1. Give the calculated FRET efficiency between A:D274 and B:E213 to the nearest 0.05, with a Förster radius of 35 Å applied to their Cβ-Cβ distance.
2. Looking at region D:26-66, which GluC sites (Glu not before Pro) are in a loop (DSSP not H, G, I, E or B) and have at most 16 other Cβ atoms within 10 Å?
3. Provide Rg over Rh for region A:297-357; use the alpha carbon set for both Rg and the Kirkwood Rh (inverse mean inverse pair distance).
4. Given only helices, namely DSSP H runs of n ≥ 4 each adding -39500 (n - 2.57), what is the per-residue ellipticity at 222 nm of chain C, to the nearest 500 deg cm²/dmol?
5. Using square roots of five times the C-alpha gyration tensor eigenvalues, list the equivalent-ellipsoid semi-axes of the protein assembly as shown in whole Å, biggest first.
6. Using the count of nearby Cβ atoms within 10 Å as a rough guide to exposure, how do B:M77, B:M255 rank from fewest to most?
7. Need one number: % antiparallel among DSSP beta bridges in region C:161-337, to the nearest 5.
8. Just to verify a number: FRET efficiency for A:A281 and B:H310, C-beta to C-beta distance, R0 = 56 Å, to 0.05?
Protein chains: 4
Amino acid sequence: MAMTSQKIKVAVLGATGAVGQQFIRLLHNHPMFEIAALCASDRSEGKRYDEAVHWILDTDIPAGVRGLALQATDAAMVHSQNPEIRFAFSALPNESAEQAEPAFAKAGMLVFSNASKYRMALDVPLVITEVNHDHLNLLRHQRIARGWAGGIVCNTNCTVSGPALSLKPLHEQFGVKRVFAVSMQAASGAGYPGVASLDLIDNAIPYIKGEEEKLQAETCKLLGTLGNRSINDAAIDVSAHCNRVAVMDGHLVTMSVELATAATPEECAAAMHDWRCAAVAGLPTAPDQPVVVRTEPDRPQPRRDRNTGHGMSAVVGRVRPEPLFGKYGVKFITLAHNTIRGAAGGSVLNAEMVVRKELF
Amino acid sequence: MAMTSQKIKVAVLGATGAVGQQFIRLLHNHPMFEIAALCASDRSEGKRYDEAVHWILDTDIPAGVRGLALQATDAAMVHSQNPEIRFAFSALPNESAEQAEPAFAKAGMLVFSNASKYRMALDVPLVITEVNHDHLNLLRHQRIARGWAGGIVCNTNCTVSGPALSLKPLHEQFGVKRVFAVSMQAASGAGYPGVASLDLIDNAIPYIKGEEEKLQAETCKLLGTLGNRSINDAAIDVSAHCNRVAVMDGHLVTMSVELATAATPEECAAAMHDWRCAAVAGLPTAPDQPVVVRTEPDRPQPRRDRNTGHGMSAVVGRVRPEPLFGKYGVKFITLAHNTIRGAAGGSVLNAEMVVRKELF
Amino acid sequence: MAMTSQKIKVAVLGATGAVGQQFIRLLHNHPMFEIAALCASDRSEGKRYDEAVHWILDTDIPAGVRGLALQATDAAMVHSQNPEIRFAFSALPNESAEQAEPAFAKAGMLVFSNASKYRMALDVPLVITEVNHDHLNLLRHQRIARGWAGGIVCNTNCTVSGPALSLKPLHEQFGVKRVFAVSMQAASGAGYPGVASLDLIDNAIPYIKGEEEKLQAETCKLLGTLGNRSINDAAIDVSAHCNRVAVMDGHLVTMSVELATAATPEECAAAMHDWRCAAVAGLPTAPDQPVVVRTEPDRPQPRRDRNTGHGMSAVVGRVRPEPLFGKYGVKFITLAHNTIRGAAGGSVLNAEMVVRKELF
Amino acid sequence: MAMTSQKIKVAVLGATGAVGQQFIRLLHNHPMFEIAALCASDRSEGKRYDEAVHWILDTDIPAGVRGLALQATDAAMVHSQNPEIRFAFSALPNESAEQAEPAFAKAGMLVFSNASKYRMALDVPLVITEVNHDHLNLLRHQRIARGWAGGIVCNTNCTVSGPALSLKPLHEQFGVKRVFAVSMQAASGAGYPGVASLDLIDNAIPYIKGEEEKLQAETCKLLGTLGNRSINDAAIDVSAHCNRVAVMDGHLVTMSVELATAATPEECAAAMHDWRCAAVAGLPTAPDQPVVVRTEPDRPQPRRDRNTGHGMSAVVGRVRPEPLFGKYGVKFITLAHNTIRGAAGGSVLNAEMVVRKELF
């Protein structure tokens, strides 16, 4: 589909939650999309958005959205009321996503999901646009296999986005064999209200349920290659420790990487810094540079660097030798904004790419 | 020397700083030691302690210490005024320690140092009491070699204490070959004023100068074996990422460990939990258990666990398989109180052991 | 009743919550009380305490309490299973307290409540032990009026304890006419999970629902005089602004006070510092000094001073002239530990006083 | 002077500090000003800006500024090297400002000072542009009296800006007689490194040196009226408690205000919300609305509201009756961004007004 003056109508599912709010912030003036429905839980149905939401972002609710009435998360109803809605940006948690997302897909909408429920399903593309937009082609197979008019495209877990973006150019140039990754994750990764103050004041929590497994599995699917009906996972061994720290937004991840072919830290830094994805050029949400490599000794830092590329760039720093892997080793730190690149922004960019590829 | 009713007179060097304050807190009612001199920088000389110090601990200045007059950090003067002073607990930073600590050693005092300056010197014992108290015997050689009546015993870097305590029983039972360690360190590790609020509010800093190198080098010396005139370092490859997070006290370190012989996580947990050091039994500052292994999924946490064993136990949690090392791998998290076990408390326990061994 | 070797059996209501945990910590080795029942919501009934609770204190669950089975919050059942239970320490929120607390009172137990529901009821004593223990005598009237074998004694709102303790000696000596009070309250005042991290990182919240009204009303009842069937409120005008800040425990309140008779700041400081309540002398939970006045320019601070008197003393600082009230004015800052003095500890001390007065 | 395509050349004094960095951020693309000199302490002289500065803002150093060479803070030298420099934006601390600012004024430059040194000098205008831009006319007298070709214009203390902006419309419409103000101030108010993490983690500090006196004195000068050779202070009694809390930017101040004529909270809110200063209309740094009144129960909050009007609006909330002042009373909370409105942004707007008034 060519971009015309006619914007694509979209729904936001889970519109009152933390990620739903980011969707609204990113979509309200979007050149390609127009919010046509806001869905929330049944108890909010019929309420004005600004009355139902506990808005937590540091910018105000967009004026055009304040007065919109919330609808139930009912695919058939949404479709019947507005058959022009083509995309559904979903900020639903797993327990709601399990039923709702397939229902929206069946009703003809393309769902951009932030839940983990369908990420590892064989026929569901799990996509960070610059990393593996070719996986979006799985949608064709998915529709046939499931008999859906729409479909489901998944976002990665928010913690994976920084590591996957920074590993991609290394994997392309040198091959990646093993990764030791340790995250220091922001509070917003747990949604709202999420982590209690009493757990984070003067504290850090060395555990986030399910997160390490996701980081390990999703990295391999993201860096995998597209097969006929599924993805051939990359043969990368990933081991993760996931931790929560007293930061609002921005997940830091330390990376100790073993490459398949020897490369110096300088070569690795150049590979990451110079990497571009031509296919996303010009898309409204695509950052100029998917990975920005900083050279100061103490960067990236969450508060100071998370908004690089409007929150869509991964920021890498301290690229240096990893002594335990000898000439095949490199270590560095990577940061990505977890509610933008790792959630709403990632979905929006995926949707822009689906439009460019005319996959809907 | 038998413990008699006569306490050993001690000096505290750097008495007004963050670690100096911990020394005073730990020594003011100590059954074996008695504070006989408080030394600080020249500009504080002659002042009452409570007027010169900016006391930052959450307990009050001990009553008996408030009115003591500060002395210059002048070994000859301290010795001439009170020749009975046998030990000097040093919280001096490197730049002062370089000159002052040898001067106190030469003047006949045994210096328990928290500076990094002499840690890697061949004839200087670097000691965590339960881990390698036998290294204290280097003192005999040190005195001869340097012609000192006293000597220098070093504490490890505060970040090393948790990893070294938890690796020791693993190394004894299974051998340790490789370690990937990532720290989340407390603000107090940088002294006072140390880290600016503007750098830690809603932030984390992925860099602490010199820390990674220390963690790598000191671990090997600590787990090494005593030779005639020096330590034979353990052949362990350690790679570290060191980070600062918004926590007061307590350094968390994630550990991914490759063992020399296969062991299950359960065997590793048992090895750590069951480990005791008979030689320290009954020493006033020795915790009942050098390593406490917790089984909850989300512990240890700095605020909730740092005071285990009065801040002298390392606390380990999440002992689980390290997939990248197969049956030789184990991963876990370790925590130690950085200003107690990792600094003042570690020195005091070393001093207690020196008394028990009659090494002065 | 004389204190005998026979401890009084007590129940804890709301035993798994934040204040319930403080009750357990304070009661588990108490010389006068013995925990005989732990009550929680129905869904926890029958579970072991350590399995049902998300323990958030920085000390461990007392060993003797770990294995206790939770009971439903059913007064008749608790009484029939153990008729010896005389006291019920209630950490119930208002919505549960409304029904449950009168039920326990009717079943013969004396309820020490932390809910706000019955605080302003005419026949219910609202008591900070040292401030107005004589109000406990209302219990006699309450029992007759309500036909209860037991009764209800209320604790103040946690924010009130610091102001009320520091105003009491001023009111006694000089009379208090007007108070402008502004609180900076700790996160734990909102229970657990309470305030979301996303609301407190790099932030402060200038609003706590219902808190200002409570601070205004309860202060007057606490400083009021005992009548036959109710309290004659003190004629003090109190105006409050209540705020939440990123602190774990310890509510700071700035106080600008207009006195009825002129007094210098020094006289006010002396009045507060010298004030003792003879009636509480020797009670296990009573601090030596109900109000500690510090003279450093920058104290009290929540983290450094909240544990004064084991968390039972109010700490006052910066006592200085209040220019807007001329020679009748004084201003200062007051701090109290909100979950100890302002909640569980306050109730326990009230209970100790009830025992001493043989009011049950 | 009419605004021409020719920008006014300016110097930044104290260019490497926290406020200096804000000046650079605000000035680097400014339509009226052009940075022509960056001055710092002698030890930085000659260094490139990006090598000398420890940049702490969350945006990057402007590209055009990175490579500029730092100069000594030497008025004669700066003037001789570039006589076109007309304005000097000064972020100097008091101890440097005392000598340097008069020297720059004497050398012909108009100094926009953030130091407190000259704020209360009779012939120095202390100006928040919308509040009292007419006071800038004192400059004419100042130049004659001091024999300066340039001059000094002072900014208020950062804490005063929110209170003064919100009091101005109340004072105009109803008269302000008495104010009880309690601040919760951000860490950045103390510069960099400023407040130590160890003092703010899990803590609040109820004292900031000199701040209460400034808040009291400066408010009266700001709201005063312009006389021939000095300002006639407003007859307002202000009493302040100043506190530091764990917030990056944005000072909250609670206000309890006694008016000279009765007014309802609604009238007060309208007075503040509707207030505009026609004289600043169209100036680049002037916000659309100097005071924004919010109606949610829990706003303003520092993190969520400090950037209102690009950090130049004061944000007021919770406008409600002040019971202690009866029908003359109103209470509310006010917030201003301390390093923008309360420092660099305030100076830049003052400078823009000086240009509009052709006062240089």
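Taken together, the values in this text are just the output of simple stated rules run on the coordinates, not laboratory data. Owing to the predicted nature of the structure, the values given are computational and were not obtained by experimental measurement. Methodologically, a virtual Cβ is constructed for each residue, glycine included, from the backbone with ideal geometry; neighbour enumeration extends over all protein chains shown.
1. 0.75
2. Details: sites: D:E34, D:E45, D:E51; in loops: D:E45.
Sites meeting the loop and neighbour criteria: D:E45.
3. On the way: Rg = 15.1 Å, Rh = 13.1 Å.
So for region A:297-357, dividing Rg by the Kirkwood Rh gives 1.15.
4. Result for chain C, helices only: -8000 deg cm²/dmol.
5. Details: eigenvalues 394, 392, 314 Å².
Each semi-axis is √(5λ); the values are 44, 44, 40 Å.
6. On the way: B:M77 15, B:M255 25.
Ascending Cβ contact count within 10 Å gives the list B:M77, B:M255.
7. Looking only at bridges with both residues in region C:161-337, the antiparallel portion is about 70 percent.
8. Efficiency, from the Cβ-Cβ distance: 0.40.
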